[in-house]
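The values are calculated or read from the model by the stated rules, or taken from the named source; none is laboratory data. Quick caveat, the model's predicted, so the values are computed rather than measured. Cβ placement follows ideal geometry from the backbone for every residue including glycine, while neighbour counts extend to all protein chains displayed. Keep in mind that these areas ignore ligands, DNA and RNA; they rest on the heavy atoms of the full protein, side chains included. Shrake-Rupley method; radii C 1.70, N 1.55, O 1.52, S 1.80 Å.
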Amino acid sequence: MLLQDIRYALRQLRKSPGFTLTAVVTLALGIGANTAIFTLVQSILLRSLPVADPSQLYRIGDENQCCVDGGFPQDASQTGDFSIFSFDLYQHLKQSAPEFEQLAAAQAGQWSWSVRRGGDLAKSLHGEFVSGNYFSTLGVSAYSGRVFSDSDDTPAAAPAVILSYQAWQGEYASDPSILNSTIYVQAQPFTVVGIAPPGFFGDRVTDTPPEFWMPIHTEPYVEAGDALLYNPESHWLYPLGRIRPGTNIAALQAKLTVALRQWLLSRPDMVANGGAAIIPKMHVVLSPGGGGIQNLQQKTGKGLKLLMILSLVVLLIACANIANLMLARATTRRAEIALRTALGAGRRRISREILTESVVLSCIGGLVGLIVAYAGSRTILALAFPDARNLPINPSPSLLVLGFAFLVSLMTGILFGAAPAWLSFHAQPAEALRGTSRTTRDRSSLPQKALVVFQAALSVVLISGAILMTKTLTNLENEDFGVVTANRYVFHFDAQGAGYSVDRLPALYREIQDRFSALPCISSASLALYSPLEGDNWSDCVIAQGHPSPRHDQDCDSTWNRVDTHFLDAIGVPIVRGRGITDQDTATSLPVAIVNESFVKKFFPNQDPIGRRFGLDRPEFSGSFEIVGVFRDFKMNLQYSREQVHPVFMRPITQQFTGYKDPNMIRGETRSMFVNEMILDFHAAPPNVDALIRDTLTGINPNLTVTDLRSFGNQIAGNFNQERLVARLTVLFGLLALVLASVGLYGVMSYFVARRTSEVGIRMALGATRSNVVAMVMQSALLQILIGLGLGIPAAMLAGHFMSSQLFEVHGYDPVALAGAAVMLGVCAAVAGFIPARRAASIEPMQALRIE
């Protein structure tokens, strides 16, 4: 019986190719959009790590705290949530919780390192420090060679490295001889002991998955001067472990919180300056680790959920459109259905055939929608992660996605087939004996109009949302960052990875500046530790001279950078008081700093800052640096792009402070001497910028390679890839909704005119003018749109309220967005209604009566 119904449905669809094509395309767009977004939701938000029994994995911590932190969390006075840990604290928690079968640690940040094999040129690869039990905790074995063991993660162990399968294929052409060979990471030799299995991308979904892993105890060996390992105040690890079956998670979480507080109380630096009062607020949260560290999920989750809701709205509009088509088609088949009923066909059988036809149609639309989804998900990934390499997100539909697409198709078919099936069930056999156009009474008229109203209301929501997201993106991109981007380029290099020591850096920096400044197309060349709005951030606690150490719940944080004399000129930021860094600020002169206006407001309010002194972290160093100049505020940090300008101070690349006694502070100071970026200000950027920069740098030293190159404008624009993606897709969904709503209205009005041909003819025969007929049709069309606007505008305001966290400098009830949505829908509705109205006005009265 079912096969017979399906064959009948296919015959009926084949007999109406125009209707079938329109319906399939409409459904493909609706279902395809949903499936594309769900593919990303499943790949990012619902994905499990490719490891053994991921359900047993738990992370100690639940926040995206990256990449190196010190002391208490910045919001310690509010949440007290610890989610990133020092090596010493990780070891303490590991010993305090035997409920973990194993507890591994992974580096919170994923950094790029200079990697070289033999005489090859160095390349920049993403690496990650992990504990020796990392792979065994995850239950991952090697594709070739072996994984780390605890014996690899000791100070005396030979430096070992494991390559990812993707890096082995892409960077080393699947060369089997790489195993047990030597590669140089930051100019330090490592032995490749294994290759990770295909598909393994580490402990988190990210657009920069690790290309190799190193044991944690090799961190001082690689850093050569800025080790985090032995600094208990530096938090830089995420603990991830496998819990024994039957463990009470709440009890273990409470136990770990007690262990955390015990460790904090044992640290004099944590207890001092009000820390003892904050420690009771400190706690940890055990979060499921089967999906990995949730940093990317937290970053993209709101946007993906918003897109999923918007795509569902598009699908609802598409369903309403198809339902209108089906209702119109069912009405045209009324005589056929009534005749079949009169000849003895069961009403249930006829209704089932119509419902089967709807489901078959939706399944065909779903199959075509999978093609749309495949192309759409790849496009979305390219827009969301334009610079991604080895992205561990598969845009191909999985079994779960295929099941989702089938379920959506099935539900869509039932949804838009229900009304025509109901109409057929109530068909009267007597209607087969009289002309169907004799009366204007039609059961399908009210449902069709209601569907148009429904489409119009949802379209207002989508169009308003599209305008809000577009305004947000425009506000973000056109925000006054306080820097000049025209004709500026930024490139990265790695002097430490090329084998340079601190004592050789001054000569290297002079040569780099001289070589690039001598290029005729360049007006300014500047070296810096990092550049504005690239996502990097060095920060420390600032203490003004003569002031005591701040309490732990007081904000003393300031971003800082190490720059040369041309840095402010290169980014177009002026000095507003005092002077900038000059050539007289040498290694033997007084240590100086220049600060921004926000720094002065925070640390030296109502004072002349010139000549004032400050230091970092401890009162005994509060006189370390003298302020010689104040520069205009500009936005330095990605995380503050939506907030007020953060305090910033800058120090010369030529001055290394030698007053520190603490080994950790000495290491940090030494590491900061390795600046790794250059900003070039061109008179006019030549077409061969890439080759020019690479050749010039390689000419200084072949081991100095450009690890990243982009225009300054693109670097800033890259901060808003997620917002740009959401805005573009919202606009696309809004336009799609507008088109579908217009088509739906056009279809209803065309049907309205066709059903009332005789009435229009009689009206015109009795003296009605063409303008009267046009007004009658347009009145009916615009009435439906006005009702839709009446329902849609409050719904759009409510939707804007829920979208408020995604907006920037625009309100969810923005009148421009609401008015724009109303005008766009009104214009499209007027066009969609005018075409059938004009057709109605062209009816000849005698011809209409003759047809009747």
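When you count the other C-beta atoms within 10 angstrom of each residue and take the mean per peptide, 462-468, 282-288 line up highest first as 462-468, 282-288. Applied to region 28-42, the Karplus parametrisation 6.51 cos²θ - 1.76 cosθ + 1.60 on θ = phi - 60° returns per-residue 3J(HN,Hα) values of 4, 5, x, 5, x, 4, 5, 5, 4, 5, 5, 4, 6, 4, 5 Hz, with x for Gly and Pro. Remark: spin-label model distance R7-S523 equals 7.9 nm, labels positioned 7 Å along the Cα→Cβ axis. Shape summary: region 164-294 maps onto an equivalent ellipsoid whose semi-axes, from the alpha-carbon gyration tensor, are 36, 22, 11 Å in decreasing order.
Annotation note: trypsin sites (Lys or Arg not before Pro) in region 651-715 located in DSSP loop regions with a Cβ neighbour count of at most 15 within 10 Å are K661.
Quick check for me: using +1 on Lys/Arg Cβ and -1 on Asp/Glu Cβ, what's the dipole size of the chain about its Cα centre, in debye to the nearest 20?
Roughly 5260 debye for the chain.
If you take the square roots of the eigenvalues of the alpha-carbon gyration tensor of region 609-741 and sort them as a ≥ b ≥ c, do you get rounded (a/c under 1.5), prolate (a/b over b/c) or oblate? In terms of gyration-tensor shape, oblate. Distance distribution P(r), region 32-117, all Cα-Cα pairs, bin width 10 angstrom from 0: 12, 31, 32, 20, 5, 0 percent. Taking every DSSP beta bridge that has both ends in the chain, the antiparallel portion is near 75%.
With every protein chain kept in place and ligands, DNA and RNA left out, what is the accessible area per residue of the chain? Probe 1.4 Å, answer in Å².
41
Computed about its Cα centre, the charge dipole of region 480-594 is approximately 280 debye, with only Lys, Arg, Asp and Glu carrying charge at their Cβ. Whole-Hz Karplus values for region 255-272 come out as 5, 5, 5, 4, 4, 4, 5, 4, 5, 4, 5, 7, 9, x, 5, 7, 6, 5 Hz, taken residue by residue from phi with 6.51 cos²θ - 1.76 cosθ + 1.60 and θ = phi - 60°; glycine and proline positions read x.
The Cα trace of the chain gives Rg and Dmax of 33.7, 108 Å, the first to one decimal, the second as a whole number. Dividing the summed -39500 (n - 2.57) terms of all DSSP H runs of n ≥ 4 by the residue count of the chain sets its mean residue ellipticity at 222 nm at -15500 deg cm²/dmol.
Using a probe radius of 1.4 angstrom, the carbon and sulfur fraction of the accessible surface of the chain is 59%. Over 32 Å between C-alpha atoms is what I'm after, so list which of K94/K602; K281/K302; K123/K661; K281/K601; K302/K601; K123/K302 land there. Violating the 32 Å Cα-Cα cut-off are K94/K602; K123/K661; K302/K601; K123/K302. One chain, two ends: E477 and K255. Fully extended at 0.36 nm per residue, the span grows by 75.3 nm beyond their Cα-Cα distance.
Of V222, Q110, Y165, which is farthest towards the positive pole of the chain's charge dipole, taken about the Cα centre with +1 and -1 on the beta-carbons of Lys, Arg and Asp, Glu respectively? Farthest towards the positive pole: Y165.
Using the Cβ-Cβ distance between Y230 and L590 with R0 set to 30 Å, the FRET efficiency works out to roughly 0.40. The overall shape of region 535-677, judged from the alpha-carbon gyration tensor, is rounded, with an a/c ratio under 1.5.
Shape call for region 198-268 from the C-alpha gyration tensor, a ≥ b ≥ c root eigenvalues: rounded (a/c under 1.5), prolate (a/b greater than b/c) or oblate?
oblate
Applying both filters, DSSP loop and at most 15 other Cβ atoms within 10 Å, to the GluC sites (Glu not before Pro) of region 613-720 gives E643.
Residue ranges 365-375, 50-60, 200-210 sort as 200-210, 365-375, 50-60 when ordered by packing (mean number of other C-beta atoms within 10 Å per residue, highest first).
To check you understand DSSP bridge types, tell me what percent of the beta bridges within region 547-684 (both residues inside) are antiparallel, rounded to 5. Mind dumping the intermediate values first?
Numbers: 7 of 17 bridges.
Rounded to the nearest five, the antiparallel share is 40 percent.
Peptides 775-786, 157-168, 258-269 ranked from most to least packed by the mean count of surrounding Cβ atoms within 10 Å: 157-168, 775-786, 258-269. Annotation: cysteines of the chain without a disulfide-compatible partner (Cβ-Cβ under 4.7 angstrom) are C319, C363, C521, C828. For R562, the residues 5 or more places off, or on other chains, whose built amide H falls under 5 Å of its own are L529, Y530, R651. Rounded to the nearest 20 debye, the dipole magnitude of region 591-655 is 120 debye, with +1 charges on Lys and Arg beta carbons, -1 on Asp and Glu beta carbons, and the Cα centre as origin.
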